[in-house]
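To start, the structure under review is shown below, and the notes come after it.
The values are calculated or read from the model by the stated rules, or taken from the named source; none is laboratory data. Quick caveat, the model's predicted, so the values are computed rather than measured. For neighbour counting, all protein chains shown are included, and Cβ atoms are generated from backbone atoms with ideal geometry for every residue, glycine included. SASA here: full protein model, heavy atoms, side chains in, ligands and nucleic acids out. Shrake-Rupley method; radii C 1.70, N 1.55, O 1.52, S 1.80 Å.
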Amino acid sequence: MSRILLHLRGIGLTFGGRPILENAELAVAEGERVALVGRNGSGKSTLLKIAAGMIEADKGERWMQPGTTIRYLPQEPDLSAYATVLEYVESGLGPADDPHRCTYLLRELGLTGEEDPKRLSGGEIRRAAIARTLAPSPDVLLLDEPTNHLDLPAIEWLEAELKSLRSAFVLISHDRRFLQSLTNRTVWLDRGESRRLERGFADFESWRDEVLAKEEAEQVLLAKRIEAEEHWMRYGVTARRKRNMRRVDLLASLRKERKEHEGQQGAVRMAATGGDISGKLVAEAKAMSKSFGERPIVANLDLVVMRGDRLGIVGPNGAGKTTLIKLLTGALEPDSGAIRLGTNLQTVTLDQSRQSLDPTAMLADVITDGRGNSVTVNGETKHVISYMKDFLFPPDKARTPVSVLSGGERGRLILARELAKPSNLLILDEPTNDLDLETLDMLQEMLADYPGTILLVSHDRDFLDRVATSVLMADGDGTWTEYAGGYSDMIAQRGTGVEVRKVKADVPKPSSGAPRPEAPQAQRKLSFKEKHALETLPATMKKLENEIGALEAKLADAALFARDPKAFDQAATRLTAARDELAKAEEQWLEFEMKREMLEG
């Protein structure tokens, strides 16, 4: 039998008067790779922090094998106390650990170690934290959502790296493929308590359904026993003056058991409001190209998207996935080639970056767009409170500001708002972020029944396999290749997945007598002006396009020059200037969008 390295017993913790954990247990033995699963808010991250010794439980025991080394990967790492990324990573090493492993891991994750932590993007912070956690090769790894902010190359690299380690680990993730590939044990946190399955996540969902079905059957049996006892109380002692007190106590006990039973949290009920039927053709690109300076984003792309297609778009961060979506929906003009859009398109975008959410807005106002207190879904009008319940928001959260919602709650709020809008073309930009597995199940079922067309950008391989009918893969240098089927089908046809982004080797150091040139610091996040421009430029471009169309129509009047030469000259001059302004605005938007896409990774 494997030696136990870490054991939590009878863990209880109450926060704000509400019990988060009541009788939770977590045991990790040598060689065990444990999936820690549960609904959003079930206490998974809290239990992991208790295991790491960062939080003290109100009750219960934490035991660790003497000499065991543990490393914890938080969801929000703090690098503020360190001058460089390498210094942060090396701070996690023990006396006997190899510092060269820090450099190796950083390079594998696309970093040099010389970066200033204050200027890192969210993805770079996550990569640095992963390097710090893995560098010591500890006995036990505690990993809280390690794939957050990572692109597909980094996710696949991390998966392979964890497989190669001898460390035991506990893993929290919403990425099914990641969990299935790596785990051999499962701990399910449910209503404050833990249940353990001696198999990996691949067997969890069928086991969970069996447990819940058995629990439901027991509740039905309990209700029948109560009904029988109540019948005896009413009619079984009519000839007696004194009731059998044992039967009275039994009835009270059964009623107490039913009252104290806490049922499973309800499932999200979601449906997309169908729009009018679009034309058979949704979009057709012919020799379409778009570049950012000298860098090609899309090069000579031929692509046809038909009604009902589910097109997955994959590639590393910075490949231009968002730019490609803009081109395919007509929001951005190509440099060359053509894009033809179908008729009667009604587009809704699920922007899981949450940038479209006003942090000061109230939850109910976000869902209704501030128009009244009702919402219409598929022709059925519902009160906003009733509609909120479909997405697991209790009535008392109606006046809650967006700023205090958790990541999972914001994800459900985006779904609630956008799915109420009529559409026949859904743009899904990383829709799986922060959603628990049960909500992802419901989203997949809804998408399976959706009658329209879907363009999906995602780093979730399982979600791509379940939703996409074809995958468009970025091959580099602006080349995109379409493969039939989901992500696994693409791998089978292509022979390999996306490659890990590498950092070039250091240039030779100058001699000791020569001054060392100061390396310029790369920008690590968008400035306020760049963010503002990214949000406002689309409206500016649309306005310029409308103005250009009006000027072209005006100049098409052959009699204008003879009738009013001055007006003709003014219109011609303005048309030239407007075209220049539009080209400049498009180039600026593309520059900032590409920068945003690279930095967010």
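Give, as residue ranges, the strands (runs of 3 or more DSSP E) completely inside segment 264-335 that count at least 3 residues that are open to solvent by less than 30 Å² (accessible area, probe 1.4 Å) and β-branched (Val, Ile, Thr). Let's see the steps before the verdict.
Values: elements: 281-292, 295-306, 310-314.
It comes to 295-306.
Residues of segment 386-425 that are within 20 Å of the chain's Cα centre (by Cα) and outside any helix (DSSP H, G or I): Phe391, Leu392, Phe393, Leu405, Ser406.
Looking at Leu152, Leu189, just one residue is under 22 Å from His459 (Cα atoms) and of a type in the set (A, V, I, L, M), and that residue is Leu152.
When segment 193-203 is limited to residues that are touching a residue at least 40 places away in the same chain (Cβ under 8 Å) and of a type in the set (Gly, Ala, Ser), the one that is surrounded by the most Cβ atoms within 10 Å (Cβ to Cβ) turns out to be Ser194.
For segment 458-490, the set of residues classified as β-branched (Val, Ile, Thr), over 19 Å from Thr432 (Cα atoms) and open to solvent by 50 Å² or more (accessible area, probe 1.4 Å) consists of Thr479 only.
Here Asp190 meets each of (1) open to solvent by 20 Å² or more (accessible area, probe 1.4 Å); (2) farther than 30 Å from Glu156 by Cβ; (3) at pLDDT 70 or above with one exception, condition (1).
Surrounded by fewer than 20 Cβ atoms within 10 Å (Cβ to Cβ) and either free of Cβ contacts under 8 Å to residues at least 12 places away in the same chain or over 20 Å from Thr432 (Cα atoms) (or both) - does that describe any residue in segment 171-186? Scanning segment 171-186 turns up at least one residue that is surrounded by fewer than 20 Cβ atoms within 10 Å (Cβ to Cβ) and either free of Cβ contacts under 8 Å to residues at least 12 places away in the same chain or over 20 Å from Thr432 (Cα atoms) (or both).
Checking each residue in segment 20-50 for being under 13 Å from Arg195 (Cβ atoms), touching a helix residue (DSSP H, G or I) at 6+ places or on another chain (Cβ under 9 Å) and in a strand (DSSP E or B) picks out Ala24, Leu26, Ala35, Leu36, Val37.
Would it be correct to say that Glu114 is in a helix (DSSP H, G or I), among the charged types (D, E, K, R) and touching a Leu at 6+ places or on another chain (Cβ under 9 Å)? It is false that Glu114 is in a helix (DSSP H, G or I), among the charged types (D, E, K, R) and touching a Leu at 6+ places or on another chain (Cβ under 9 Å). Residues in segment 409-423: is at least one surrounded by fewer than 15 Cβ atoms within 10 Å (Cβ to Cβ), more than 17 Å from Val348 (Cβ to Cβ) and of a type outside the set (A, V, I, L, M)? Scanning segment 409-423, I find no residue that is surrounded by fewer than 15 Cβ atoms within 10 Å (Cβ to Cβ), more than 17 Å from Val348 (Cβ to Cβ) and of a type outside the set (A, V, I, L, M), so the answer is no.
Check whether at least one residue in segment 9-20 is open to solvent by 20 Å² or more (accessible area, probe 1.4 Å) and closer than 21 Å to Ser164 by Cβ, and report yes or no. Checked against the condition, which is being open to solvent by 20 Å² or more (accessible area, probe 1.4 Å) and closer than 21 Å to Ser164 by Cβ, segment 9-20 yields no hits at all. Of the candidates Gly94, Gly123, the single residue that is at pLDDT below 90 and either of a type in the set (D, E, K, R) or within 23 Å of Pro153 (Cβ to Cβ) (or both) is Gly123. When residues in segment 424-436 are screened for being under 20 Å from Gly274 (Cα atoms) and surrounded by 20 or more Cβ atoms within 10 Å (Cβ to Cβ), 6 of them pass. Scanning segment 346-361 turns up at least one residue that is farther than 30 Å from Met288 by Cβ, modelled with pLDDT of 85 or more and either surrounded by 17 or more Cβ atoms within 10 Å (Cβ to Cβ) or aliphatic (A, V, I, L, M) (or both).
Every residue, every condition in (1) modelled with pLDDT of 95 or more; (2) in contact with a strand residue (DSSP E or B) (Cβ under 7 Å, 6 or more places away or on another chain); (3) aliphatic (A, V, I, L, M), yes or no:
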{"site": "His7", "(1), (2), (3)": "yes, yes, no"}
{"site": "Gly12", "(1), (2), (3)": "no, yes, no"}
{"site": "Gly17", "(1), (2), (3)": "no, no, no"}
{"site": "Leu21", "(1), (2), (3)": "no, yes, yes"}
{"site": "Ala24", "(1), (2), (3)": "no, yes, yes"}
{"site": "Val34", "(1), (2), (3)": "yes, yes, yes"}
{"site": "Gly43", "(1), (2), (3)": "no, yes, no"}
{"site": "Thr46", "(1), (2), (3)": "no, yes, no"}
{"site": "Ile55", "(1), (2), (3)": "no, no, yes"}
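Residues of segment 553-582 that are open to solvent by 60 Å² or more (accessible area, probe 1.4 Å) and either closer than 30 Å to His532 by Cβ or in contact (Cβ under 8 Å) with a residue 60 or more places away in the chain (or both): Thr573, Arg574, Thr576, Arg579, Asp580, Glu581. Residues that are at pLDDT below 90 and either within 24 Å of the chain's Cα centre (by Cα) or hydroxyl-bearing (Ser, Thr, Tyr) (or both) within segment 475-490 comprise just one, Asp475. Scanning segment 57-75 for residues that are open to solvent by 40 Å² or more (accessible area, probe 1.4 Å), assigned to a loop (DSSP other than H, G, I, E, B) and out of contact with any Asp or Glu (no Cβ under 9 Å at 6 or more places or on another chain) turns up Asp58, Pro66.
Across segment 362-384, which residue is modelled with the lowest pLDDT among those that are outside any loop (DSSP other than H, G, I, E, B) and among the charged types (D, E, K, R)?
Taking segment 362-384 and keeping what is outside any loop (DSSP other than H, G, I, E, B), we get 362-368, 374-377, 380-384.
If we keep only those that are among the charged types (D, E, K, R) as well, we get 365, 380, 382.
Working: Asp365: 89, Glu380: 81, Lys382: 86.
Here the residue is Glu380.
For the subset of segment 437-453 comprising residues that are over 17 Å from Thr347 (Cβ atoms) and open to solvent by less than 10 Å² (accessible area, probe 1.4 Å), which member is nearest to the chain's Cα centre (by Cα)? Applying the filter and picking the extreme gives Leu440.
Please work out if Arg501 is surrounded by 15 or more Cβ atoms within 10 Å (Cβ to Cβ) and modelled with pLDDT under 80. Don't jump to the end; show me each part of the working.
Working: surrounded by 15 or more Cβ atoms within 10 Å (Cβ to Cβ): yes; modelled with pLDDT under 80: yes.
Judged against the criteria, Arg501 is a match.
Taking segment 76-86, which residues are more than 13 Å from Leu111 (Cα to Cα) and either open to solvent by less than 80 Å² (accessible area, probe 1.4 Å) or within 26 Å of the chain's Cα centre (by Cα) (or both)? Of everything in segment 76-86, those that are more than 13 Å from Leu111 (Cα to Cα) and either open to solvent by less than 80 Å² (accessible area, probe 1.4 Å) or within 26 Å of the chain's Cα centre (by Cα) (or both) turn out to be Glu76, Pro77, Asp78, Leu79, Ser80, Tyr82, Ala83. A Cβ distance below 7 Å, combined with a sequence gap of six or more or placement on separate chains, defines the contacts here; from segment 292-303, residues that are closer than 12 Å to Leu324 by Cα and of a type outside the set (A, V, I, L, M, F, W, C) reach residues that are open to solvent by 40 Å² or more (accessible area, probe 1.4 Å) and at pLDDT below 95 in the pairs Pro296/Asp477.
Within segment 463-470, is even one residue aliphatic (A, V, I, L, M), touching a strand residue (DSSP E or B) at 6+ places or on another chain (Cβ under 8 Å), part of a strand (DSSP E or B) and at pLDDT 90 or above?
no
Of all residue pairs spaced 6 or more apart or on separate chains, those with beta-carbon atoms under 6 Å, a first member in segment 442-467 that is within 24 Å of Arg269 (Cβ to Cβ) and small (Gly, Ala, Ser) and a second member that is in a helix (DSSP H, G or I) and at pLDDT 90 or above are Ser458/Leu464.
Of the residues making up segment 514-544, those that are open to solvent by 60 Å² or more (accessible area, probe 1.4 Å), charged (D, E, K, R) and either assigned to a helix (DSSP H, G or I) or modelled with pLDDT of 80 or more (or both) are Lys529, Lys531, Glu535, Lys542, Lys543.
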